[in-house]
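The structure appears below as structure tokens.
The values are calculated or read from the model by the stated rules, or taken from the named source; none is laboratory data. Keep in mind that what you see is a predicted model, and the values were worked out from it rather than measured. Backbone-built Cβ (ideal geometry, glycine too); neighbour counts: all protein chains shown.
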Amino acid sequence: MGKNKDTFERKTFGKNDTVFEEGQTGDAAYLIVSGEVDIGIGMKGEAPRVLAKVGKGKIIGEMALFDKHPRMASAIAAEKTEAIRISREEFRGRLNGMDPVMRSILKLMVKRTRELSEQVAELKRTDWRAG
């Protein structure tokens, strides 16, 4: 844990570079060190929809640290962006070192967040297509 050179990798994304894509299985989260990232759906389609803009100090793609579900949205650099990539492997190693009760509570919270996020994303997609 922590010895793999890819565990905490610093990444640079140019404006309009894809950090990750909607629908792909994620294996890492990203801590934004500088810059700004657009989180959206349909980003490569004819009518992209930005759901949020996130910047310095924010973490994106964190659900991929817990499960192998497809990403619910894409992340595209809105400007030059520096980020630290946190691998699922590193995260799992740290999670396994937690108190078992706290780990169980955290996993339950993530499961509930995933379910709610999927419901909200579907509502936004439906609303987006209708409008």
If I filter region 61-93 down to residues being assigned to a strand (DSSP E or B) and free of Cβ contacts under 8 Å to residues at least 60 places away in the same chain, which single residue comes out as nearest to residue 119 (Cα to Cα)? 70
Taking region 1-27, which residues are among the aliphatic types (A, V, I, L, M) and at pLDDT below 95? 1
Restricting the first residue to region 103-120 and requiring it to be assigned to a helix (DSSP H, G or I), which pairs with a second residue that is among the polar types (S, T, N, Q) meet a Cβ separation below 9 Å and a spacing of at least six or different chains? 103/96
Can you find, within region 18-54, the residue that is farthest from residue 74 (Cα to Cα) among those that are charged (D, E, K, R) and outside any loop (DSSP other than H, G, I, E, B)? 36
Does region 101-109 include one or more residues that are under 13 Å from the mean Cα position of the chain (by Cα) and loosely packed, with under 13 Cβ neighbours inside 10 Å? no
Report whether or not residue 19 is free of Cβ contacts under 8 Å to residues at least 40 places away in the same chain and of a type in the set (A, V, I, L, M). no
For residue 57, which of the numbered conditions (1) at pLDDT 90 or above; (2) in a loop (DSSP other than H, G, I, E, B); (3) buried (at least 18 other Cβ atoms within 10 Å of the Cβ) fails to hold? (3)
Quick one: which of 62, 79 is of a type in the set (Asp, Glu), surrounded by 14 or more Cβ atoms within 10 Å (Cβ to Cβ) and under 18 Å from residue 121 (Cβ atoms)? 62
